[in-house]
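Visitor: First the structure, which I've put down as structure tokens, then a few questions once you've had a look.
Quick note: the coordinates plus some simple rules give every number you see, no bench work behind them. Just so you know, these numbers come straight off a predicted model, no measurement behind them. All Cβ positions, even for glycine, are placed from backbone atoms using ideal geometry, and neighbour counts span all protein chains on display.
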Protein chains: 2
Amino acid sequence: MNSATRQKIVDAAMELFWVKGFQSTSISDILSRTQVHSGSLYHFFPGKQDVLVAVLETYRDEIENRLLAYAWAGVDDPIDKIFALLNGYRIGLVSSDFMYGCPIGNLALELHEPDPRVRELLDANFRNWVGAVEQCLVDAGDRIPADTDRKALAEFILTVMEGAIMQARTARDIGVFDRNVEVLRKHLDLLMQRAKVPN
Amino acid sequence: MNSATRQKIVDAAMELFWVKGFQSTSISDILSRTQVHSGSLYHFFPGKQDVLVAVLETYRDEIENRLLAYAWAGVDDPIDKIFALLNGYRIGLVSSDFMYGCPIGNLALELHEPDPRVRELLDANFRNWVGAVEQCLVDAGDRIPADTDRKALAEFILTVMEGAIMQARTARDIGVFDRNVEVLRKHLDLLMQRAKVPN
DNA sequence: TGACCATTTGAACGCTCACTCAAATATTTG
DNA sequence: CAAATATTTGAGTGAGCGTTCAAATGGTCA
């Protein structure tokens, strides 16, 4: 079931959907990049939507290996991990001249009436990401006030990441990304300050 | 130059691009909704991209009349205005069953290699929005610490709006939107608290 | 070897898309 | 009114899209 051809298709589609979006990527884009013929693609996938489903399943299943392991290499402190993760996206933006944003966020706003499977996979990817950040906040223990909703704050950090990328890509200026991260850092500083001296 | 037909086309395209996105909206979608024939559309616009340009120019020029006047009706306090603006988007989401997000944010992430005119107009729309919120923060005067970067905070508020909408639409759950706004409110509360008792 | 199934090949199909254009009609202007 | 210009009509075009399918090839196992 998981032939090399199938994997080549998913890998190419992952890259193309990221850079060009789903609708702007044609089946023949995928075929020419993979040197696969259309019949082979349709042997493994009923249609284009199913390629997208496979791509989103891969993101969901590989968040540890493809994203977190890379961003968190050599980082132990849970609060540092949060900013290291954001910095991973920053590097992607800068090194690609603002081509590489968040592949999930892109698709989430591009697809207006998505296939239920696609919508659920986008959501699952967001919840995975939020869960990873939430774990960092839990690991931060009493450095953060006890009454702080960790999950809500993790969702907020995803929001900051997505909004910062959106603005930086549109302005083609990393400054707005950095300023967004600085405001987030300020917020966490204020929370941590308040945890030290409860008021 | 500004005939009624041209305006009908822009209005219909504004709605369709909002609900379906740019690429999923066909010229014939616009024609059938407006009862205009293709030759008329191409009499006023060289191509589909130029319809998008006209739409984005309208958003840019009409932010006061179409967005702020509505959201800020009866609201005077500058901090309240910020949350009233966010609440405007909340109402759009809920009342449309998550169809109406942010039209500018949608397009910003849908179009990966936009026409320079389009990219600049998207950016101009963001800067307009940020400018309006920045003015609220300036009007808040010394309720906010003097060393707070008002523009950076306004950009951050745009980020929160965009990220909150993205997650709420994907989850089809307004809860995540509300939690995001609550965290933002917490941040502003902490800032205002710090402005009262400088530390 | 031969039968069976998985995979590959690549031409072809139907459809929708953005867009064109010549002719008809309405409006403006002198 | 007459001429010029602006606008509308709507059939038509070519290109690209996702998808199909019958035939060829490759691998597995009795």
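Visitor: From the phi of every residue in the range B:163-170, what ³J(HN,Hα) in whole Hz does the Karplus formula 6.51 cos²θ - 1.76 cosθ + 1.60 yield, where θ is phi - 60° and glycine or proline is x?
Guide: Working through the residues one at a time gives x, 5, 5, 4, 6, 5, 5, 5 Hz.
Visitor: Considering only B:S24, B:F45, B:S3, whose Cα is most displaced toward the positive end of the charge dipole of the range B:1-75, charges sitting on Cβ of Lys, Arg (+1) and Asp, Glu (-1)?
Guide: Looking along the dipole axis, the top candidate is B:S24.
Visitor: Straight-line reach from B:K196: which lysines have a Cα under 24 Å away, not including same-chain ones fewer than 8 places off?
Guide: Candidates past the 8-residue exclusion: A:K186, A:K196, B:K81, B:K151, B:K186.
Visitor: Still on this structure: Which of B:A84, A:V118, A:G163 sits closest to the plus end of the dipole of the protein assembly as shown, meaning its Cα is farthest towards the positive end, when Lys and Arg get +1 and Asp and Glu get -1 on the C-beta?
Guide: A:V118
Visitor: Cα convex hull of the range A:53-184: how many Å³ per residue?
Guide: Taking the convex hull of the Cα positions in the range A:53-184, it is 111 Å³ per residue.
Visitor: Calculate how steeply helix B:116-139 sits against the longest principal axis of the alpha-carbon atoms of chain B, using the helix alpha-carbon long axis, and give the answer as 0 to 90 degrees to the nearest 10.
Guide: Tilt relative to chain B: about 30 degrees.
Visitor: Same structure again: If Rh is defined by the Kirkwood formula over all Cα pairs and Rg also comes from Cα, what ratio Rg/Rh do you get for the protein assembly as shown?
Guide: Reported Rg/Rh, Kirkwood definition of Rh: 0.98.
Visitor: To the nearest 500 deg cm²/dmol, what mean residue ellipticity at 222 nm is calculated for the protein assembly as shown from DSSP H runs of n ≥ 4 alone, each contributing -39,500 (n - 2.57), summed and divided by the residues?
Guide: Estimated from H runs of four or more residues: -23500 deg cm²/dmol.
Visitor: If you take every residue apart from A:Q193 with its C-beta less than 11 Å away from the C-beta of A:Q193, what net charge results, scoring Lys and Arg +1 and Asp and Glu -1?
Guide: Here the count lands on +4.
Visitor: Something else about it: With every atom except the alpha carbons ignored, what do you get for Rg and Dmax of the range A:4-53, in angstroms?
Guide: So, for the range A:4-53, Rg and Dmax equal 9.4, 25 Å respectively.
Visitor: Where Lys and Arg each count +1 and Asp and Glu each count -1, what net charge lies around A:M166 among other residues with Cβ under 15 Å from its Cβ?
Guide: Once positives and negatives cancel, what remains is -1.
Visitor: So what's the gap between the Cα centers of the range A:99-140 and the range B:97-114, to the nearest angstrom?
Guide: 16
Visitor: Between the range B:1-75 and the range A:1-78, how far is it from one alpha carbon centroid to the other, in angstrom?
Guide: Rounded to whole Å, the Cα centres lie 35 Å apart.
Visitor: Compute the relative contact order of chain A as a whole-number percentage, counting only Cα pairs closer than 8 Å that sit 6 or more residues apart in sequence.
Guide: Relative contact order, chain A: 20 percent.
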